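Notes to accompany the following structure.
The values are calculated or read from the model by the stated rules, or taken from the named source; none is laboratory data. As the structure is a computational prediction, the values presented were derived from the model and not from experiment. Glycine gets a Cβ as well: all are built from the backbone with ideal geometry, and neighbour counts include every protein chain shown. Calculation scope for accessible area: heavy atoms of the full protein, side chains included, ligands and nucleic acids excluded. Shrake-Rupley method; radii C 1.70, N 1.55, O 1.52, S 1.80 Å.
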Amino acid sequence: MKYTVGLIYGDGIGPEIVREAKKVLDAAASKYGFELDYERLLLGGESIDACGLPLTDETIAKAKKCDAVLMGSIGGDAKVSPWYKLEPSKRPEAGLLKIRKELNLFANLRPAYLYNELKDACPLKEEIKGNGFNIIIVRELTGGLYFGERHTDVIDGVRTAVDTLKYDENEIRRIAIKAFDTAMKRNKKVTSVDKANVLDSSRLWREVVNEVSKDYPDVTVEHMLVDNCAMQLVMNPGQFDVILTENMFGDILSDEASMITGSIGMLSSASLNDTKFGLYEPSHGSAPDIAGKELANPIATILSAAMMLRYSLDLDNAADAVEAAVQQVLKEGYRTTDIYSEGMHKVTTTQMGDLIAERI
Ligand code: NAD
């Protein structure tokens with residue numbers, strides 16, 4: 001079988017980590033007998049430099065023809081990068097929001113998993129870590145506050161900014177279905193997170209989630225307020241299986257969940273639409289502070305490539321092999337700087353990619 005994979009190298013450490021993920025994908029392709037054609041796509045700062053816009057119609061059209069897209073991360077250091085002197089709609093992040101919308105990528109799946117080998121990197125107390133945790137956050141990605149109407153005006157001499165948070169029942173239903181389907185393949189528990197004591201959109205959210213839950217009698221559903229969830233994640237992360245939430249809450253909670261694993265360079269993500277298509281990227285940003293220094297951990301991107309093999313290309317054996325190779329390399333004690341501890345072997349970005357590819 002032959003598949004077309006869009007590659008967005010992106011900014012900062014993006015080119016280094018995508019290069020390593022491609023190396024691992026190529027090793028998996030030759031071992032498992034499938035072919036990958038790569039289509040280079042521009043997004044973010046790289047696209048601004050080449051075309052004056054963070055996302056062009058050409059990139060959207062090419063992405064739509066791919067089976068899946070693998071991406072590094074986009075964006076620069078806002079304090080020094082000229083990209084941030086542009087108006088907000090022309091900055092790198094605007095390209096990312098737009099491509100999610102154009103490709104209808106409404107579901108963002110972000111695992112937060114505590115690797116046994118990296119337990120020491122988890123900042124939580126021993127008694128809280130317990131037997132570890134394995135959470136997946138299912139975040140609505142194309143609605144809510146980030147896509148609502150917004151404007152800034154001067155009203156009676158006072159600068160006033162307005163953002164709008166809107167969800168309709170169809171947007172809530174389709175993401176809830178993704179969360180319940182995900183839970184069915186895991187520990188069959190969904191924690192739906194909202195702010196129903198204050199927000200109308202959250203009250204509708206809760207109602208629709210309860211309706212969807214009726215089709216999944218095997219899945220336990222609970223509702224939690226977002227402020228409580230933020231606390232519970234650092235008090236008792238082991239209680240969670242699937243966390244389902246809206247766009248902004250998901251943005252914040254998924255970063256919190258990544259931090260408690262102690263290794264942001266290890267966490268993958270998938271953004272999916274109603275078809276098999278998905279955009280796969282690490283959970284972290286473009287880390288401009290370490291770009292080009294061979295310090296970046298490529299594992300989050302490599303694990304995102306594994307998710308792509310599983311969810312978009314249905315190559316489960318190859319996906320399992322990539323994940324097992326990552327685990328093996330960690331077991332053997334190899335670490336990039338961000339996850340290094342005494343007694344381990346410190347390796348560069350390129351060496352980490354080589355080691356994982358060799359173990360496929
Ligand atoms: P960041 O995730 O890029 O970096 C936070 C810290 O983690 C930094 O110290 C960085 O060196 C470290 N880090 C991140 N990834 C790492 C890796 N793979 N290996 C080793 N260390 C790693 O977050 P930030 O500094 O807030 O943002 C930098 C830029 O990234 C900004 O322009 C931001 O807008 C952008 N960003 C992009 C995405 C995306 O493309 N989806 C997501 C988040 C942030």
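For GluC sites (Glu not before Pro), the sites in segment 317-352 that DSSP calls loop and that have at most 15 other Cβ atoms within 10 Å are 332, 342.
Our summary of shape: the Cα atoms of segment 75-162 have principal axis extents of 56, 31, 30 Å, ordered from largest down, in whole angstrom. Output the antiparallel fraction of DSSP beta bridges having both residues in the chain, as a percent to the nearest 5. Bridges in the chain are about 40 percent antiparallel. Evaluated with a Cβ-only charge set (Lys, Arg +1; Asp, Glu -1), segment 1-110 carries a dipole of roughly 240 debye about its Cα centre, given to the nearest 20. Per residue, the chain exposes an accessible area of 44 Å² to a 1.4 Å probe, with every protein chain left in place. Our helix-only sum for the chain, with -39,500 (n - 2.57) per DSSP H run of n ≥ 4 divided by its residues, gives a mean residue ellipticity at 222 nm of -12500 deg cm²/dmol.
Straight-line reach from residue 346: which aspartates and glutamates have Cα under 18 Å away, leaving out those fewer than 8 places along the same chain? By straight Cα distance, residue 346 reaches 16, 20, 117, 120, 294, 332, 338, 354, 358. Converting phi to 3J(HN,Hα) with the Karplus coefficients 6.51, -1.76 and 1.60 and the offset θ = phi - 60°, segment 231-247 yields 6, 4, 4, 9, 9, 7, x, x, 6, 9, 10, 10, 9, 10, 7, 7, 4 Hz in sequence order, with x at every glycine or proline.
Semi-axes of the equivalent ellipsoid for segment 1-143, please: Cα gyration tensor eigenvalues, times 5, square-rooted, ordered largest first, whole Å. Taking √(5λ) for each Cα gyration eigenvalue gives 29, 23, 16 Å. For segment 118-178, what does the alpha-carbon gyration tensor say about shape, rounded, prolate or oblate, given a ≥ b ≥ c as the root eigenvalues, a/c under 1.5 as rounded, and a/b over b/c as prolate? Oblate.
Scoring 214-225, 104-115 by mean Cβ neighbours within 10 Å over their residues and listing the highest first yields 104-115, 214-225. Put simply, the convex hull of the Cα atoms in segment 275-317 casts, on average, a shadow of 3.6 nm². The convex hull of the Cα atoms of segment 191-330, projected and averaged over all directions, covers 10.7 nm².
At a Förster radius of 35 Å, what calculated FRET efficiency corresponds to the Cβ-Cβ distance of residue 57 and residue 79, to the nearest 0.05?
0.65
With the convex hull drawn around the C-alpha atoms of segment 1-68, the volume per residue stands at 67 Å³. Rounded to the nearest Hz, the phi-derived 3J(HN,Hα) couplings of segment 200-207 under the Karplus curve 6.51 cos²θ - 1.76 cosθ + 1.60 (θ = phi - 60°) are 4, 4, 6, 5, 5, 3, 4, 4, where x marks glycine and proline. Subtracting the Cα-Cα distance of residue 248 and residue 154 from their residue separation scaled by 0.36 nm leaves 31.2 nm.
When the square roots of the Cα gyration tensor eigenvalues are ordered a ≥ b ≥ c, the ratio a/c for the chain is under 1.5, which makes its shape rounded. The alpha-carbon atoms of segment 255-360 define a convex hull whose volume equals 107 cubic angstrom per residue. With the gyration tensor restricted to C-alpha atoms of segment 134-209, the semi-axes of the equivalent ellipsoid amount to 32, 12, 11 Å, longest first. List the pairs from 125/178; 101/166; 2/22; 101/178 whose alpha-carbon separation is above 25 Å, in the order I gave them. Table pairs above 25 Å Cα-Cα are 125/178. The trypsin sites (Lys or Arg not before Pro) found in segment 1-88 that occupy coil by DSSP, while having at most 15 further C-beta atoms within 10 Å, are 79. Fully extending the segment from residue 345 to residue 134, taken as 0.36 nm per residue of separation minus the present Cα-Cα distance, adds 73.3 nm. Taking only the C-alpha atoms of segment 299-351, Rg followed by Dmax gives 12.6, 39 Å. Expressed as a whole percent, the proportion of Cα-Cα pairs in segment 229-307 lying more than 16 Å apart is 60%.
Whenever you get a sec, compute what percent of the accessible area on the chain sits on carbon and sulfur atoms (1.4 Å probe). Carbon-and-sulfur percentage of accessible area, whole number: 50.
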